[in-house]
Structure formats: C-alpha cells, structure tokens
1. Name the single residue, out of those in segment 2-29 being hydroxyl-bearing (Ser, Thr, Tyr) and at pLDDT below 75, that is surrounded by the fewest Cβ atoms within 10 Å (Cβ to Cβ).
2. Tell me which of these Leu32 doesn't satisfy, since it passes every other one: (1) open to solvent by 50 Å² or more (accessible area, probe 1.4 Å); (2) more than 28 Å from Met153 (Cβ to Cβ).
3. For Met130, are the conditions met, namely being within 28 Å of Ser21 (Cβ to Cβ) and aliphatic (A, V, I, L, M)?
4. Tally time: how many residues in segment 131-164 are within 19 Å of Val102 (Cβ to Cβ), open to solvent by less than 40 Å² (accessible area, probe 1.4 Å), of a type in the set (A, V, I, L, M, F, W, C) and more than 15 Å from the chain's Cα centre (by Cα)?
5. For segment 71-115, give me the residue count where each residue is part of a strand (DSSP E or B) and within 14 Å of the chain's Cα centre (by Cα).
6. Among the residues of segment 38-52, what is the count of those that are open to solvent by 20 Å² or more (accessible area, probe 1.4 Å), in contact with a strand residue (DSSP E or B) (Cβ under 7 Å, 6 or more places away or on another chain) and either modelled with pLDDT of 80 or more or basic (Lys, Arg) (or both)?
Amino acid sequence: RFTRVLFQGGACLGAATVAESWLWHGDDWAKLEPVPTPGRVTGFSLANDPNREETILFGGIDFQERSSTYRFRDNNWSFKPENHVPGGRSLFAMVSDPERNVTWLYGGLDDVGQTLFDLYMLRGGVWTRMRIEGGPPFCFNPLGAWEPNRKRMVLMCDNGDLWEWDGEEWYDFSSTNI
C-alpha cells in the first residue's frame, strides 16, 4: 500500500517561516488549503499513524514554544486544544508505534531553552506522561524512528548515543559496536 508524504511549514536559516501544507502522491506535490492550519511554526514534530490513517503534529515554535496538537486526516488539519499535557517544546522526537497504536514523544527544548528528558504517550487523543527511569541521561535534539522488526522506538541523540524504548523499558546501545 502506498503512503503519501506530508510537508507542513517550517523555516530555513535566514528565511521566513512557511505555513503551507503539501502532499506528495508519488508523482507530484499538491498544495492543500486546509482550515484550520498549524500556521507558521518550526521545530515541531510529525508522526504518521497508519492504524488511524492520520498524521499528528505537536509543538514547535511560532513566537513561543507551543503545546498544541494537530491531527491531519482526509486532507485537513484539526486542532485539539485540550491536549496540552506535554507542555510547549521544540526539537523533540515523535514516533508512531503501530504495534501498540500509540505515538511516543521524547525530550525537546522548553520555552526558556532548557533540555527536557521526559517521555509521553498519545493514545486515543490523550497524552500520558511515562516513567523515564533508565532512559537517556542527556539527549539533545533527538531523532526518532520506529523499528518494526523488534517493535521499538529508536532514538539517536545529537552526541551519537543510541537508545531504544520497547514500550516498557529503555535499552542503551550507545557503546555497542555496530
């Protein structure tokens, strides 16, 4: 089954932010005109949830850190103002977990530039803070991906540390020679 690619806004160094939504259908980009829109925001994360056939956008910066959750479905965004639990942040990892039908959110920067080391789960539109014992001791600007064979979220920290979350426990692969 073919999955479309969604592009939403962002910014480049020295350039203005962009508030546009675009879809790649495999042959061409199509500009969308959804209402509402996440607006001119950068530093957010997107996660595709194939089980729910939607994309989640959370956080980022417009003129301050945002704690907004948007859902993209049927070529439109919907704003979910009640989901402010993780708090405003940017530069974090967000990964869909199709095995558990949840989306994981890890870390980021808050509105005063402090690095966050928390973990949240989004299930059925509700954010829940998870325990973090044994997790990454320092993970700035993490990149995240879903590893389907082992059913784990993989985080790569800016210092090269590699961590995995299996929905229950953290595993440190930073010192493993690959």
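1. The first filter runs over segment 2-29 and keeps only residues hydroxyl-bearing (Ser, Thr, Tyr), leaving 3, 17, 21.
With at pLDDT below 75 added as a condition, the list becomes 3, 17.
Details: Thr3: 10, Thr17: 15.
Checked segment 2-29; the qualifying residue surrounded by the fewest Cβ atoms within 10 Å (Cβ to Cβ) is Thr3.
2. (1) is the only condition that Leu32 fails.
3. Numbers: within 28 Å of Ser21 (Cβ to Cβ): no; aliphatic (A, V, I, L, M): yes.
Here the answer is no, as Met130 does not meet what is asked.
4. 1
5. First, pick out the residues of segment 71-115 that are part of a strand (DSSP E or B): 71-73, 76-80, 90, 93-97, 102-109, 115.
Still in the running and within 14 Å of the chain's Cα centre (by Cα): 71-72, 90, 93-97, 102-109.
Of the residues in that region, 16 qualify.
6. Looking only at that region, the number is 4.
Okay, residues lined up against (1) in contact with a Phe, Trp or Tyr (Cβ under 7 Å, 6 or more places away or on another chain); (2) β-branched (Val, Ile, Thr); (3) more than 16 Å from Gly87 (Cβ to Cβ):
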residue	(1), (2), (3)
Thr128	yes, yes, no
Phe138	no, no, yes
Cys157	yes, no, yes
Gly160	no, no, yes
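Conditions (1) touching a Leu at 6+ places or on another chain (Cβ under 9 Å); (2) of a type in the set (A, V, I, L, M, F, W, C); (3) free of Cβ contacts under 8 Å to residues at least 40 places away in the same chain, marked per residue:
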| position | (1), (2), (3) |
| --- | --- |
| His25 | no, no, yes |
| Ala30 | yes, yes, yes |
| Val41 | yes, yes, yes |
| Ser45 | yes, no, no |
| Asn48 | yes, no, no |
| Leu57 | yes, yes, no |
| Arg66 | no, no, yes |
| Asp74 | no, no, yes |
| Ser78 | no, no, no |
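The values are calculated or read from the model by the stated rules, or taken from the named source; none is laboratory data. Remember, predicted model here, so these are calculated numbers, not experimental data. FYI the Cβ positions are ideal-geometry reconstructions off the backbone, even for glycines, and counts take in every protein chain you see. Surface accessibility is based on the protein's heavy atoms, side chains included, excluding ligands, DNA and RNA. Shrake-Rupley method; radii C 1.70, N 1.55, O 1.52, S 1.80 Å.
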